[in-house]
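Accompanying notes for the structure given below.
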Amino acid sequence: MATRTSSPTASRSRTTTSSRSTSAKKKSASSRSRSTKKKPASRSTSGRSSARRPAPRAVRNGPGPVARGFTALGRGVAAIWLAVAHALGALVRSIIGGARDIEPEQRRDGAGLFLFGVAVIVAAAVWFEVPGGFMDFVRAAVSGTVGKIGWLAPLGVLLAGWRVMRDPVHNGPAGRQVIGWAALSFGVLGIVHIANGSPQPVDGDTMALRDGGGAVGYVVSALLLDLLRSSYVVVPLLALLGFFGVLVITATPLYRVPDRLRDLADHLFGHPHGGEGEQTQPIRLDDTFERNGDPAYDTPLLEEPKRKRRKKAAADDLDRDINESMELLAPIDADLDAPPATPAPLVPEDVVETGELEPPPHSEIPQRVEQLALSGDIVYSLPEGTVLKEGSPHRARTKASDAVVDRLTQVLDEFGIDAQVTGYTRGPTVTRYEIELGTGVKVEKILGVQRNISYAVGSEDVRILSPIPGKSAVGVEIPNVDKEIVSLGDVLRSNAARNDHHPMVAGLGKDVEGGFVVANMAKMPHLLVAGATGSGKSSFINSLITSILMRATPDEVRMIMVDPKRVELNNYEGVPHLITPIITNPKKAAEALAWVCREMDMRYDDLANFGFRHIDDFNKAVRAGKVEVPAGSERVLSPYPYLLVIVDELADLMMVAPRDVEDSVVRITQLARAAGIHLVLATQRPSVDVVTGLIKANVPSRLAFATSSLADSRVILDQPGAEKLVGQGDGLFLPMGASKPIRVQGSWVTEKEIHEVVKHCKQQLEPTYREDVTAPQSSGKVLDDDIGDDMDLVVQAIELVVSTQFGSTSMLQRKLRVGFAKAGRLMDILESRGVVGPSEGSKARDVLVKPDELDSVIATIQGEA
Ligand SMILES: Nc1ncnc2c1ncn2[C@@H]1O[C@H](COP(=O)(O)OP(=O)(O)OP(=O)(O)O)[C@@H](O)[C@H]1O
């Protein structure tokens with residue numbers, strides 16, 4: 001934290017002033033002797049100068065020139081060290097291949113080079129027995145610690161350095177590596193010690209231990225032998241400990257050991273991956289074509305490659321590498337399931353600790369792969385969890401965020417607000433700073449300085465939460481300058497996702513506290529997604545669909561995708577989860593929604609007939625063979641899959657057939673939950689003509705990405721907030737029943753990952769499309785013919801009914817001077833076009849069209865005919 005000397009002591013200020021004025025006098029005297037023009041200087045020498053306050057000058061309390069010289073030298077040496085390390089790292093990665101595209105912030109080349117250096121010294125001491133006091137010490141230390149295994153020590157350190165350089169992210173957290181290596185060496189050294197007759201120190205002389213497993217081997221084996229007595233028990237235990245170490249180092253769960261062994265054998269003996277079938281597959285463009293897609297946080301701005309920046313980056317790298325080296329040496333108490341970086345909220349050194357803001361735990365172990373039998377004898381395997389790569393490591397504390405704490409504190413000081421910044425929690429795109437107010441300070445005071453905070457931190461998008469839900473503190477959310485990518489893989493590998501085996505679970509992203517947000521789509525039960533262009537809707541839909549493909553078989557979840565923009569979802573064309581080809585024509589989409597209504601009715605009929613209230617219960621009973629069809633029926637019952645309908649642009653549908661689409665959406669959303677049918681409606685235009693009151697009332701879960709106006713935010717969330725989001729996946733998620741939205745950075749899945757997942761799904765099964773989904777309803781056709789020459793009469797009837805808002809057949813009879821039968825038919829046509837509701841006996845029918853919609857309805861009907 002920066003130190004400020006805001007109030008130097010009186011004596012000190014006096015000394016400074018007097019010494020300054022003396023020097024000023026000297027200076028002015030000398031300048032006068034050189035030039036007579038410097039009037040202000042001569043004035044400062046007058047007697048008045050003592051009455052004038054000296055101009056404030058910064059009190060210098062930084063390091064002196066010698067210290068600065070040393071710092072510069074240190075930085076220079078470190079920069080050269082890193083340059084060499086990065087070059088070596090690049091070489092290592094190019095030899096291995098595969099991990100070449102490693103992110104700069106994930107590289108650990110400095111630490112790797114350090115380990116290489118250690119390996120060289122140990123090799124010189126142990127293998128080549130180079131003489132010298134230091135080398136003698138190294139030799140003694142190595143053989144004293146690990147005994148006979150000492151000659152392997154250089155190789156061990158070299159291997160560790162190689163692994164650190166090769167792909168540090170893949171290795172997992174340093175804590176796990178240390179635990180793994182420690183377990184492995186304890187196991188091996190213990191066994192070596194016992195195998196060499198368990199030598200003991202003689203009269204405090206430990207030389208004898210060098211003929212066994214060294215001090216480590218002696219301690220481990222002696223402890224266990226004391227406890228268990230027999231080496232026949234101890235040796236297998238030590239072997240198990242070593243094996244456990246290998247599993248931890250390689251992040252291999254037990255059930256994957258055979259796979260790993262097979263992979264290793266393939267690798268060693270050069271067998272190709274996969275089965276023979278894969279080899280014989282023809283090479284298609286699909287398989288070889290490298291898809292790049294949009295990069296995360298894409299921006300149209302091109303950055304100038306400045307030399308200064310490079311220097312700064314090198315300096316940052318240096319800091320990071322030094323920290324990492326320290327981390328490597330630090331004692332480790334991490335648990336295996338812990339996230340890579342400590343997620344505890346930052347607490348500035350000099351302020352109170354806030355404690356318990358831990359995000360949900362996150363596991364590094366690969367996702368379990370399920371083999372689920374589809375109906376019939378096909379076995380469908382879900383894609384491997386490893387297809388989805390890891391994202392940026394989470395950093396709970398950064399210098400940039402610390403600097404913002406200082407600026408916030410400064411604003412509070414300047415405006416005399418008795419409040420303290422007590423900590424922050426860093427999310428991937430925004431950080432939430434917590435401010436605790438002194439007694440008697442109004443929350444409004446913080447709200448009042450919102451613009452000043454914006455000014456101080458240089459960001460428009462400052463959002464103030466008062467209070468932070470569940471806390472007595474005001475939250476100030478400020479966008480990070482150093483954003484993190486939230487990879488879908490990480491979200492799906494989180495414990496929250498792994499512990500729930502429901503096929504409709506989707507990885508939404510990460511919240512402001514760095515915790516994973518995972519949601520069950522079946523519980524939403526319908527979701528409205530809105531946001532301006534570029535705000536991240538399509539990316540969200542991609543991660544939603546990929547989540548489902550990763551976790552559900554086509555027997556469990558079927559999808560209908562509506563993509564009027566034509567390009568957003570075509571990656572998924574042909575996946576077996578689709579029930580109909582991706583729909584790009586808005587008119588067909590309206591028909592598909594009508595089909596969904598019919599499907600829903602059918603499912604309801606079944607539920608009612610067999611006496612169930614929810615499709616889950618029905619499915620469970622069918623799987624258990626507990627549902628019997630009526631005697632004489634030849635029907636074979638099978639479980640109903642969930643049906644997920646995804647509409648990527650609702651506005652396009654609402655433009656073509658507003659009434660039909662609204663009717664279907666309302667009907668589906670009102671009833672479909674029990675039938676296992678769920679809607680996801682996305683739109684770029686959250687205006688009231690697209691997201692109508694009826695649709696809103698029936699779609700309870702909302703996800704708002706950045707909107708262009710406060711009004712749009714109100715349409716989606718019924719509250720402001722979305723207009724302050726920073727875009728590119730930054731969203732507010734308001735799940736059903738919640739009153740406060742959660743701020744989420746949406747999960748990101750690359751085009752390449754999508755391609756891999758889709759390829760895996762398509763390879764196993766062809767989609768079985770249903771023809772009737774987008775087929776127009778036959779009843780509509782008959783009525784079209786019905787209108788025939790009566791178009792004028794139909795138009796008059798619509799005008800009459802809508803303008804009077806009175807849906808009565810006898811009124812049509814009287815006003816249009818037609819017979820009862822004709823008036824009845826006209827009323828049927830009006831009902832089929834959504835102008836009036838169904839007949840309610842002798843009562844007049846509901847009129848569903850408002851007078852201001854009259855023209856568009858007439859135009860649509862005339863267009864149809
Ligand atoms: N979760 C995310 N993480 C990182 N970057 C993201 C994320 N979501 C979106 N972006 C960035 O924002 C860009 C625009 O996102 P996207 O195409 O999803 O927006 P959109 O709202 O669908 O826009 P449009 O309506 O114009 O299609 C992406 O190309 C990507 O660079």
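Which of the residue pairs LYS510/LYS537; LYS399/LYS442; LYS537/LYS588; LYS510/LYS752; LYS483/LYS740; LYS483/LYS759 have a Cα-Cα distance greater than 20 Å in the structure shown? Walk me through the numbers before you get to the answer.
Numbers: LYS510/LYS537 16 Å; LYS399/LYS442 30 Å; LYS537/LYS588 22 Å; LYS510/LYS752 22 Å; LYS483/LYS740 24 Å; LYS483/LYS759 31 Å.
Long pairs (Cα-Cα over 20 Å): LYS399/LYS442; LYS537/LYS588; LYS510/LYS752; LYS483/LYS740; LYS483/LYS759.
Tell me, in nm to one decimal, what length is gained between ASP718 and ASP413 on full extension, where the rule is 0.36 nm per residue of separation less the Cα-Cα distance? Could you put the intermediate results ahead of the total?
Numbers: separation 305, 0.36 × 305 = 109.80 nm, distance 3.50 nm.
Full extension of this stretch gives 106.3 nm more.
Calculate, axis by axis, the spread of Cα positions in the stretch 395-484 along the three principal axes, and write the results as whole Å, longest axis first.
Taking the Cα atoms of the stretch 395-484, the three principal extents are 38, 28, 19 Å.
Quick one: pull the percent of accessible area on the stretch 393-551 belonging to carbon and sulfur, 1.4 Å probe, ligands and nucleic acids left out.
Working: 2690 of 5510 Å².
Exposed carbon and sulfur together represent 49 percent of the surface.
Quick one: 3J(HN,Hα) in Hz for the stretch 532-545, Karplus 6.51/-1.76/1.60 with θ = phi - 60°, rounded, Gly and Pro as x.
Result, rounded to whole Hz: 5, 5, x, 7, x, 5, 5, 5, 5, 5, 4, 6, 5, 5.
Describe numerically, in nm with one decimal, the distance between label points set 7 Å from Cα along Cα→Cβ at GLU460 and at GLU771.
It is 5.4 nm.
Step through the residues of the stretch 383-400 one at a time and calculate ³J(HN,Hα) from phi using the Karplus curve (6.51 cos²θ - 1.76 cosθ + 1.60, θ = phi - 60°), rounding each to whole Hz and writing x for Gly and Pro.
x, 5, x, 6, 4, 8, 7, 7, x, 5, x, 7, 10, 6, 8, 9, 5, 4
Please calculate the 1.4 Å probe accessible area of LEU268, with all protein chains present, and give it to the nearest 10 Å².
120
Kindly give Rg over Rh for the stretch 672-807, based on alpha-carbon atoms, with the Kirkwood expression for the hydrodynamic radius.
1.12
Can you work out the accessible area per residue across the stretch 173-268, with the rest of the protein chains kept in place, probe 1.4 Å, in square angstrom? All intermediate terms of the calculation are to be shown ahead of the outcome.
Details: 5270 Å² over 96 residues.
With the other protein chains kept in place, the stretch 173-268 gives 55 Å² per residue.
Between ARG814 and TYR232, what is the spin-label point distance in nm, taking each point 7 Å from the Cα along the Cα→C-beta axis?
10.9
For a protection proxy built on the mean count of beta-carbon atoms within 10 angstrom, sort 239-250, 696-707 highest first, please.
696-707, 239-250
Mean projection of the alpha-carbon convex hull of the stretch 566-716 over all orientations, in nm²?
Numbers: hull surface 42.2 nm².
Dividing the Cα hull surface by four gives the mean projection, 10.5 nm².
Modelling each spin label as a point 7 Å along the Cα-to-Cβ direction, I'd like the TRP127/ARG613 distance in nm, to one decimal.
Going by the 7 Å Cα→Cβ label model, 7.3 nm.
At a probe size of 1.4 Å, how large is the accessible area of PHE186, to the nearest 10 Å²?
PHE186 has an accessible surface of roughly 90 Å² with all protein chains in place.
Using Cα centres only, tell me the gap between the stretch 535-605 and the stretch 722-738 in whole Å.
When both Cα centres are located, 23 Å separates them.
Please list, ordered by chain and number, the residues whose modelled amide H lies under 5 Å from the amide H of VAL518; skip anything fewer than 5 residues away on the same chain.
LEU508
If each Cα of the stretch 173-268 is one equal point scatterer, what is log10 of I(q)/I(0) from the Debye formula at q = 0.18, 0.24, 0.25 Å⁻¹?
-0.83, -1.10, -1.15
Residue-wise, which Karplus ³J(HN,Hα) couplings in Hz belong to the stretch 742-757, taking 6.51 cos²θ - 1.76 cosθ + 1.60, θ = phi - 60°, and x for glycine or proline?
With coefficients 6.51, -1.76 and 1.60, one gets 9, 7, 10, 9, x, 6, 10, 10, 7, 4, 5, 5, 4, 4, 4, 5 Hz.
Can you tell me the FRET efficiency between SER739 and LYS471 if r is taken as the Cβ-Cβ distance and R0 is 22 Å, rounded to the nearest 0.05? Mind showing how you got there, number by number?
Numbers: r = 16 Å, r/R0 = 0.72.
The value I calculate is 0.90.
Evaluate E = 1/(1 + (r/R0)^6) for THR386 and ASP205, where r is the Cβ-Cβ distance and R0 equals 45 Å; express this FRET efficiency to the nearest 0.05.
Values: r = 52 Å, r/R0 = 1.15.
With a Förster radius of 45 Å, E is 0.30.
For ILE677, which sequence-distant residues (separation of 5 or more, or a different chain) have an amide H within less than 5 Å of its own amide H, given hydrogens modelled in the peptide plane?
LEU643
The values are calculated or read from the model by the stated rules, or taken from the named source; none is laboratory data. Quick caveat, the model's predicted, so the values are computed rather than measured. Here Cβ is always computed from backbone atoms with ideal geometry, including for glycine, and neighbour counts include all displayed protein chains. With ligands, DNA and RNA removed, areas are computed over all heavy atoms of the protein, side chains included. Shrake-Rupley method; radii C 1.70, N 1.55, O 1.52, S 1.80 Å.
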